[in-house]
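Just below is one structure, and these are the notes that go with it.
Values in this text are rule-based calculations from the coordinates and carry no lab data. Just so we're clear, the structure is a prediction, and the values are computed from it rather than from any experiment.
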Amino acid sequence: MSAPTGPSDDDAYWRRPDDDAGGLPTPPPAPEPPAKPVYPGPPPSTPPPSGWRPPFVAEPVPPRSLPPQDPAVIDDAERSARTVTYGIGMVAAALMLVTVCLLCSRLLF
């Protein structure tokens, strides 16, 4: 397409060419989608016998009550567990420190 020669609006240069001006042939129309199948509904069912009942499930016994808690004993157990945890952490830290010191001394000497 060449530049317009006469006065026209600013968008005329960018407008698509007319359909009858040639170019690509029009594509064939899209085929129609096939018809959707018709849902016939659920299959027929037979009713249960006249004396039928669902199976009976016995009621479970209610749960027992939990034993009472002693907050002082729980606090003592938590305190001793924390002490053991800190002790193991200190021993592990000391072993790592000794290992690092040994490795550094081997590199320096």
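Side notes on the structure shown:
- ³J(HN,Hα), Karplus 6.51/-1.76/1.60, whole Hz, each residue of segment 34-41, x for Gly, Pro: x, 5, 6, x, 8, 7, x, x
- The Rg/Rh ratio of the chain, with Rg taken over Cα atoms and Rh as the Kirkwood radius over Cα pairs, comes to 1.55.
- For segment 89-103, 3J(HN,Hα) computed residue by residue from phi via the Karplus equation (6.51, -1.76, 1.60; θ = phi - 60°) reads x, 5, 5, 5, 5, 5, 5, 5, 5, 5, 5, 5, 5, 5, 5 Hz, glycine and proline entered as x.
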